[in-house]
Structure formats: C-alpha cells, structure tokens
1. If the Cβ limit is 7 Å and pairs must be 6+ apart or interchain, which residue in segment 27-50 that is more than 18 Å from residue 226 (Cβ to Cβ) pairs with which residue that is assigned to a loop (DSSP other than H, G, I, E, B) and of a type outside the set (A, V, I, L, M, F, W, C)?
2. Confirm whether residue 276 is of a type in the set (Ser, Thr, Tyr), assigned to a helix (DSSP H, G or I) and under 24 Å from the mean Cα position of the chain (by Cα).
3. So residue 132 fits all but one of (1) assigned to a loop (DSSP other than H, G, I, E, B); (2) surrounded by 16 or more Cβ atoms within 10 Å (Cβ to Cβ); what number is the exception?
4. Please find, within segment 251-269, the residue that is nearest to the chain's Cα centre (by Cα) out of those that are more than 14 Å from the ligand (Cβ to nearest atom) and of a type outside the set (Phe, Trp, Tyr).
5. Where in segment 316-391 are there strands (runs of 3 or more DSSP E), lying wholly inside it, with at least 1 residues that are under 24 Å from the mean Cα position of the chain (by Cα) and over 19 Å from residue 44 (Cα atoms)?
6. It is to be established whether one or more residues within segment 95-109 are outside any helix (DSSP H, G or I), under 20 Å from the mean Cα position of the chain (by Cα), away from the ligand (no atom under 16 Å from the Cβ) and not assigned by TED's automatic domain parsing to the domain that holds residue 214.
7. Could you please find all residues in segment 394-441 being part of a helix (DSSP H, G or I) and more than 22 Å from the chain's Cα centre (by Cα)?
8. Taking the condition of being more than 6 Å from the ligand (Cβ to nearest atom) and part of a strand (DSSP E or B), how many residues in segment 9-60 meet it?
Amino acid sequence: MRDPGRVLILGAGPTGLGAASRLEAAGHSDWLLLEARDAPGGLAASHVDPAGYTWDVGGHVQFSHYARYDAALDRALGDAWLWHERESWIRLDGRFVPYPFQNNLHRLAPAERDRCLEGLERAASRPLGRPPAHFGEWIDATFGAGVAELFLRPYNEKVWGYPPERLGVGWMGDRVAPPDLQRIRASVASGRDDAGWGPNRRFRFPLRGGTGAIWRAVAAALPRERLRYGVRAIEVDLPDRTVRLSNGERLRYDWLITSVPLERLVGIARGLSAASVRAARRLVSSAVHVVGIGLEGERPETLARKCWIYFPEPSSPHFRVTVFSNYSPHHVPGPGRWSLMAEVTETPYRPVRRERIASDSLAALAADGLVPAAARVESLWHHHEEHGYPTPFLGRDEVLAALLPTLERHCVLSRGRFGAWKYEVSNQDHSYMQGVEAVERLLGEGEEPTLNRPDWVNSGALAAPPATRHGG
Ligand SMILES: Cc1cc2nc3c(=O)[nH]c(=O)nc-3n(C[C@H](O)[C@H](O)[C@H](O)COP(=O)(O)OP(=O)(O)OC[C@H]3O[C@@H](n4cnc5c(N)ncnc54)[C@H](O)[C@@H]3O)c2cc1C
C-alpha cells in the first residue's frame, strides 16, 4: 500500500463519502472532508418540509452495479429497507403505457400503434451502416419515426433540455432498451403488457428518512473530527497545493479528491492554462427543479402501485413524476396522506418560469386527473439545484480528456457526478465507487474502472451474482 500523504476531500455527497470511507477502511487517518452545506448527501440528500413531508431531490432509486456498493448500503442501514417492484410508466394522450414504450404499443390508439410498428420494422430493415452522428440520429435509426416522434424525441428533449442533435451517443450503455421486433410483435398481437426490461426491476429504498438516510448513516460512521460542514472551498492553488476556505483558513494537501462541479473547480483553481479554462467553459449541464406535492385525501387507485411516470407531452412542465409515498409510508406526516414528486429541467434552451413552476406542475397533474379535485394540497415544496444533469453533449469526451489528466498532474482527482461529468457513471453507486476507486488508485491498489471503463462496469462485471443479491 502506498502512502498518499494528506488527502483533502471536497464535497460530502456519495463521492466524497466513498473516498472518506475507503481511507478509513485502509487505516489512513490523514484526511479531512470539507462540505459547503450543513449536512451530507449532496444531490442524494433528503429534506423534510414544514408540513412534515419528506422529499428527495428528484426520483432517486438504487441501481447498484457493484457487490461492494450493496455491502456499503447494508452496512449503512442494516435491514431498515423496503423492497419494491419497479413499475415505471409513460403518460401519453391520457393513457398509461408501461415502460419500455416500444414493447407496449398495444396500449396506443390503433393508428399510432401501427405507425410505431411500421417505423420499427423500417428501421430494422435499413440499418444506418455507420455510427450515428448524434443521439437524435441514433433514436431515428434505431426506433423509426413513430416511437421517435411520440415518445423518445419529446421525452429526451424534456429531460435533457437540449435537442437530441446536441447529444452524443457514447453514454447510453444499458440505459436504453434496444428494440426486439419479435417481442414487440408478440405484445401487439397478444395485447399483453411487457414491462420486464432492465437492470432495475426490483429496488430497495430506505424505510425512513428518504434516500438521504443512507448518506447520513455513511457520514455518521466516519470520525466526526474529520468532517467539516458549512465550509466552502473558494480557491484551489494548484502550484502550492493548498485550498482556501470560506472561513479564511488555508489547508495544504498532497492529494485533493473533489466532487465540486468541474467548471466551478476550474473557476476557483489558480495555476491552470487559459486552454483549460476555455475547455471548462464548453461543459454543458442542466438545472433541475423538484416539486413536491403533499396531499390529504384518497390516492387514485391507478397510482396505487406505480413508482414513477414519464411525461413526454408539452402539456406538463415535468418530465417525470414519482409517487413518492409509495416508496415509504414515512414520507408523509400521517395516515390519509400521499405524495407526488415532479421533476422539471431548466436550461438556456428550455427556460422555465421559476416562480410558477410548482403551481404549473400541480395544475398539469390536476388537468391530467392524477391529482383528484377532492384532494387537499397540504404542501407544495419547490427545490432547485443548479447542477442537476451532466449533459452528455457532443464533444464532451474531448473536453474531459483535456481537463481531467491536467488536474491529475496537479494532484487533483475530480470525480463523481459533476466532478467527472460522465452521465453514464453518475448515479449514487457510481459516484460512491468513484470516490472509493480514487482512493485505491492513490493507495496503488486499482485503476479506477468506473471512471475509465464505464461500459464494462455497467455490464455488471463488478456486480454481485444475481443469486446472492438481496431481495432477489
Ligand atoms: C433529479 C435527479 C435524479 C437522480 N436519480 C438518481 C437515481 O435514481 N439513482 C441514483 O443512484 N442516483 C440518482 N441521481 C444521482 C445522485 O444524486 C448522484 O449520483 C450523487 O448525488 C452524486 O454524488 P456526488 O458526490 O458526485 O455529487 P453531489 O451529490 O453533487 O455532491 C457534491 C457535494 O459537494 C459540495 N460542494 C460543491 N462545491 C463545494 C465547494 N466549493 N466546497 C465544498 N463543498 C462543495 C456540494 O454541496 C455537495 O454536497 C439523481 C440526481 C438527480 C439530480
């Protein structure tokens, strides 16, 4: 084991906590974690509103790709978990279509169903024959006109906040179900739902406290004296290897592991070239608004088992709504209550009226019949995060290839959702493991597979064998 010397960690989200946990496990005590906010969790924190409803920062579920992450979750919360069958749906034209859309075309009106099927058949018979130039071309070439126009294009434009022509294709991995024509035809012929796709069919959720309960528990297992909340790094002097904090202190490091959004890190770094600063300006992201709606009254029967619903249509501002009270009864302040959590993207290309976003979402859900007229709105919670999604924009990999190695030459490992800016490895499991693996790299024990080999990691190479996965 190599001695990494003094390690400073910026950010107490999953990445920073993964790094700190690994340093502790290695018996290396020369580290300090600095977090700008007053509590751990970052984007994976949870919040309780004044009416007593618990909210996450958008729909967070665990999709673990790592046996070691599963073990970390077990250590964090013991058996205080609830297990759920994934029920994800698409809301279109007043109907519910199970996800994935293309496998459940029988739920559409006959003319739309036939148009989608025809497009899929045509796409399968005329493969592109070269790599797609951008995500939009990939959608059209893989799914054909019907599925593209009804669901994939409008939905992706809503969630990313940019046209699919501005996105690359390398990030997709196992996230998008490839069309299986035989299966699609069978579902159309039988009229039966076919929703059994994906690595995340069953998932666990903390019994109490929302997703943030995990990260509070992970932080609580670390030595309190090495965690500092409410201090922001405001300058990183690369030649000096020091960090200046919002409280005036200056701290020295041998290695810095940071999950600060990369363009902000470059903004506070001293000693980088003008080319690096220019490269960082090319990074593209989107903000997310989360609207929590706490309701008293009867939950509609149609929402009784649904986990989350995708909304591709322009009639609603949100791209996804989670029936958050279905994840745990403790998310609501008492019996006879239920809750919905909507997510809205904001980008320069897709601006929103911030002051109206909560009421607009509620109105759209009411118009859609998902919030019944008889329900009483007890809480309307609005939360905004400037950094919501690290956009997989065209040209991203060149920017990252210029910035990340440059920072490493200065003993700075920029990791995690916005530290490394790789959407395909930016969930909680990936972020936690990016922190763990960054430390292992410093200890001379590994080569950071999550950062360097996302497809391999996402293929399940480091996952627990299915038979030993908790909850089946
Ligand atoms: C809408 C939405 C839905 C999501 N859904 C899922 C899901 O279903 N499943 C899943 O696994 N993941 C999901 N995620 C992703 C999950 O939130 C991230 O994987 C995770 O939070 C990233 O961890 P991180 O530590 O890299 O970054 P963050 O969580 O962003 O943490 C970074 C921390 O750094 C701190 N910081 C920033 N600047 C400074 C500074 N200058 N000085 C000190 N501290 C600083 C911040 O305050 C923050 O606490 C979702 C995220 C969003 C936004």
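1. 43/13; 43/417; 44/13; 44/60; 44/211; 46/209; 46/210; 46/211
2. Working: of a type in the set (Ser, Thr, Tyr): yes; assigned to a helix (DSSP H, G or I): yes; under 24 Å from the mean Cα position of the chain (by Cα): no.
No: the conditions fail for residue 276.
3. Failed condition: (2).
4. Let us first name the residues in segment 251-269 that are more than 14 Å from the ligand (Cβ to nearest atom), namely 252, 254-255.
The next check asks that each one be of a type outside the set (Phe, Trp, Tyr); those that pass are 252, 254.
On the way: 252: 32, 254: 31 Å.
It comes out as 254.
5. On the way: elements: 320-322, 337-346, 376-390.
The qualifying strands (runs of 3 or more DSSP E) are 337-346, 376-390.
6. yes
7. Of the residues in segment 394-441, the ones part of a helix (DSSP H, G or I) are 396-409, 423-425, 428-441.
Result: 398, 401, 402, 403, 405, 406, 407, 408, 409, 439, 440, 441.
8. Filtering segment 9-60 down to residues more than 6 Å from the ligand (Cβ to nearest atom) leaves 9, 17-33, 38-41, 45-56.
Keeping just the survivors that are part of a strand (DSSP E or B) gives 9, 31-33, 46-48, 54-56.
Of the residues in that region, 10 qualify.
The values are calculated or read from the model by the stated rules, or taken from the named source; none is laboratory data. Fair warning: this is a prediction, and the values are worked out from it, not measured in the lab. Because the Cβ atoms are built from the backbone with ideal geometry, glycine has one as well, and the counts that use them run over all protein chains shown.
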